[in-house]
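One structure is given here, and the rest of the page talks about it.
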Amino acid sequence: MAVSKEAHNLVLSFADDELCIGQNHSWWIAIGPFLEEDLAFTSIAQDELGHARALYSLLTDDIDHLAYGRKYSEYRSAHLAEFLCHDWSSALVRHVLHDMAEQIRWSALINSSWTELGDTAERALAEENFHIQHGLSLLRRLLSSDEGHKRLEPVVLELVPHGREYFVDCDLGLVDNGVLTMSMADQEQMWIDQVTETFNEFNISVDISQEAQGMGRSGIRSNDFATLHDEMVAVIQIDPKAKW
């Protein structure tokens, strides 16, 4: 099928989000707080990078260039995906917020009229269900303790507002032509409802009233992106012939 600009940008945004999250999760390999989390984050990082590759492959045959060879301003990743989150509290909360959004976003692509995209979504969603179960299970256990609640609440309040940027892409015509089965506005509201319900359970009142600015989608990178990108391209800089 002919791919519209809106559909192209939707998939590129999603792929960039997955690339950044996969790279960020991989930072925790061998330094997770305990063995089970070390293994879980390693597995999830591999899944997210695989999702990114699958999405990029829908847009180009030169996946390495699209993933690693663009100017910073040409990336469309949300800032929440770019944040380094090199402390465990931030990494865990971002993991949950991202995967809540990801589960909704993949679900909205199931049975897409863009057949290859729908097939990719179906495969990815099966893995996403594990990701969100893992993140929510650990988050709830920690928030149930006084110490865990004390450490996590300020991180939740800081990061939650950034999550709305996942849903700022233009979906003009994408529901009508079947590329999406749910509008971006409806996806966003579903995410807000899920996040609010999750944290209300632990008496954490999150403020998601401020409209997302979409800076990442418009080419403005977060302060963490340069460091993250350096990590992404480290292998290619050593061996320019290396392939993903």
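The values are calculated or read from the model by the stated rules, or taken from the named source; none is laboratory data. Just so it is clear, the structure is predicted and the values come from calculations on it, not from any experiment. Here the Cβ is made from the backbone with ideal geometry for all residues, glycine too, and neighbour counts use every protein chain on show.
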*What number of residues within segment 106-147 satisfy the criterion of being modelled with pLDDT under 95 and in contact with a Phe, Trp or Tyr (Cβ under 6 Å, 6 or more places away or on another chain)?*
1
*Within segment 191-204, can one find any residue that is more than 24 Å from Ser89 (Cα to Cα) and either within 16 Å of the chain's Cα centre (by Cα) or outside any helix (DSSP H, G or I) (or both)?*
no
*Name every residue in segment 42-98 that is closer than 17 Å to Leu12 by Cβ and not in a helix (DSSP H, G or I), in order of residue number.*
Leu58, Leu59, Thr60, Asp61, Asp62, Gly69, Arg70, Lys71, Tyr75, Arg76, Ser77, Ala78
*Name the single residue, out of those in segment 187-200 being in contact (Cβ under 8 Å) with a residue 60 or more places away in the chain and of a type outside the set (A, V, I, L, M, F, W, C), that is farthest from Cys170 (Cα to Cα).*
Thr198
*Subset of segment 190-223 [surrounded by fewer than 14 Cβ atoms within 10 Å (Cβ to Cβ) and touching a Pro at 6+ places or on another chain (Cβ under 7 Å)]*: Asp207, Gln210
*What are the pairs, 6+ residues apart or on separate chains, where a residue within segment 216-235 that is touching a residue at least 12 places away in the same chain (Cβ under 8 Å) and of a type in the set (Ser, Thr, Tyr) has its Cβ under 7 Å from a residue that is outside any loop (DSSP other than H, G, I, E, B) and surrounded by 13 or more Cβ atoms within 10 Å (Cβ to Cβ)?*
Ser222/His79; Ser222/Glu82
_Condition (residue is in a helix (DSSP H, G or I) and without any contact (Cβ under 8 Å) to a residue 12 or more places away in the chain) applied to segment 13-35: is it met by at least one residue?_
yes
*Just checking, which of Ala52, Ala40, Ala45 is of a type in the set (Gly, Ala, Ser), out of contact with any Pro (no Cβ under 9 Å at 6 or more places or on another chain) and within 26 Å of Ser183 (Cβ to Cβ)?*
Ala52
*Considering each residue of segment 43-65, count those that are without any contact (Cβ under 8 Å) to a residue 60 or more places away in the chain, over 23 Å from Glu122 (Cα atoms) and either surrounded by 15 or more Cβ atoms within 10 Å (Cβ to Cβ) or among the β-branched types (Val, Ile, Thr) (or both), and give that number.*
0
*So which residues in segment 11-38 are over 13 Å from the mean Cα position of the chain (by Cα) and either at positive phi or of a type outside the set (Val, Ile, Thr) (or both)?*
Ser26, Trp27, Trp28, Ala30, Gly32, Pro33, Phe34, Leu35, Glu36, Glu37, Asp38
*Evaluate segment 101-115: report whether one residue or more is assigned to a helix (DSSP H, G or I), under 19 Å from the mean Cα position of the chain (by Cα) and β-branched (Val, Ile, Thr).*
yes
*Determine which single condition Leu39 fails, assuming it passes every other condition in (1) in a helix (DSSP H, G or I); (2) farther than 27 Å from Asp119 by Cβ; (3) modelled with pLDDT of 95 or more.*
(3)
_Of everything in segment 153-186, what is without any contact (Cβ under 8 Å) to a residue 12 or more places away in the chain, closer than 23 Å to Gln213 by Cβ and in a loop (DSSP other than H, G, I, E, B)? Give them in sequence order._
none
